[in-house]
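Input: a single structure, listed below in structure tokens.
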Amino acid sequence: MPLRISTVLGLFMAFIGVVMSIYILIDRIFYSNTPLGWTSLMIAIITFSGVQLFIIGLIGEYLGRLFLTENMTPQYVIRNISTFTIPKEK
């Protein structure tokens, strides 16, 4: 489950990075009160951090499935089975 969260969070962050990149570019073009290099640095950091998180989540999911396939053991062990029967009406 944490690997899935990492993958989805990475995709979300990459999307937010693209949206923020557009915002930062518009801010740079119209207001131009940011220091030189700040715009490109922020775009790179925001976008690539999301992409990195996504890729790490994908690799983790792949390795986890590979381990479970090669290990051939179940993820869980059933300790006991409880049976419950509904009494028949007369």
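Where a number appears in this text, it was derived from the coordinates with a stated rule and is not lab data. All values derive from a computational prediction rather than experimental measurement. A quick note on method: Cβ atoms are made from the backbone with ideal geometry, for glycine too, and the neighbour counts reach across all protein chains shown.
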How many of the residues making up segment 31-90 are more than 21 Å from the chain's Cα centre (by Cα) and among the acidic types (Asp, Glu)?
2
Can you tell me which condition Thr34 does not meet? The list is (1) touching a Lys or Arg at 6+ places or on another chain (Cβ under 7 Å); (2) part of a helix (DSSP H, G or I); (3) not aliphatic (A, V, I, L, M), and all the others hold.
(2)
Considering segment 1-31 alone, what residues qualify as being closer than 30 Å to Leu63 by Cβ and part of a loop (DSSP other than H, G, I, E, B)?
Met1
